[in-house]
Amino acid sequence: MMTRSSEPAATIATPSSQPWLHQRGHEIQAFGTVRQFPVALSQETRLYSCQRLNQLLADSQILFALYKKHHWLMRGATFYQLHLLLDKHAGEQVALIDALAERVQTLGGVAVGDPRHVAEITRVPRAPDGCEEVPAMLSRLLEAHELILGDAHDAAARVARLGDDGTNDLIVSEVIRTGELQAWFLAEHLVDTPLVRA
Ligand SMILES: [Fe+2]
């Protein structure tokens with residue numbers, strides 16, 4: 001709590017407009033718990049869905065970061081095309097990340113947000129801090145996509161069996177469809193095809 005009495009009198013604004021700065025508080029909901037929300041889904045179902053959503057959320061946040069890293073580090077003859085494509089995919093991942101996080105909140109849970117917490121949860125392998133060769137960067141992105149897609153297919157089927165249609169819809173319509181499309185666009189850049197003469 002702010003200690004106004006310790007401030008010099010000359011620096012204190014009128015009491016009604018002085019912000020209460022440097023406040024600290026207790027954690028009011030632990031990560032991995034759900035509140036009771038009246039959405040006609042049991043606490044166990046919402047807990048399970050939040051756990052699966054948070055895994056997808058953590059892995060998608062790492063995928064987003066990998067897209068930005070490779071957008072920045074891209075090089076070579078197709079630099080400009082890939083530089084733009086990877087940034088477009090990063091933007092689409094941001095939209096997906098937001099939808100996943102807000103689904104966790106909708107179910108009464110706590111979305112994983114701090115990048116250091118994300119790093120503890122993700123199963124996407126860490127990239128080297130330096131720059132890899134271009135095909136290796138694209139392969140790394142494809143492998144992250146496949147890991148997320150595999151998890152997404154499993155999660156979508158299981159939450160559907162528990163009756164969580166909203167989470168199933170989000171995972172199928174956004175995580176899976178977006179991921180599959182982005183993987184296609186990446187994979188076509190790994191086809192060794194002549195540029196000018198057949
Ligand atoms: Fe950029």
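Of the residues ILE62, ALA77, GLN36, the one whose Cα sits farthest toward the positive end of the charge dipole of the chain, with +1 on the Cβ of Lys and Arg and -1 on the Cβ of Asp and Glu, is GLN36.
Taking a sphere under 13 Å around the Cβ of ALA160 and counting the other residues whose Cβ falls inside, with K and R at +1 and D and E at -1, yields a net charge of -1. With the charge dipole of the chain set up from +1 on Lys and Arg Cβ and -1 on Asp and Glu Cβ about the Cα centre, the Cα lying farthest toward the positive end among the listed residues TRP20, LEU53, ALA156 is that of TRP20.
Shape annotation for the chain: C-alpha extents along the principal axes are 81, 50, 25 Å, from largest to smallest. To put it simply, the accessible area of region 53-146 at a 1.4 Å probe is 57 percent carbon and sulfur.
The values are calculated or read from the model by the stated rules, or taken from the named source; none is laboratory data. No experiment lies behind these values; they were computed from the predicted model shown. Backbone-built Cβ (ideal geometry, glycine too); neighbour counts: all protein chains shown. SASA here: full protein model, heavy atoms, side chains in, ligands and nucleic acids out. Shrake-Rupley method; radii C 1.70, N 1.55, O 1.52, S 1.80 Å.
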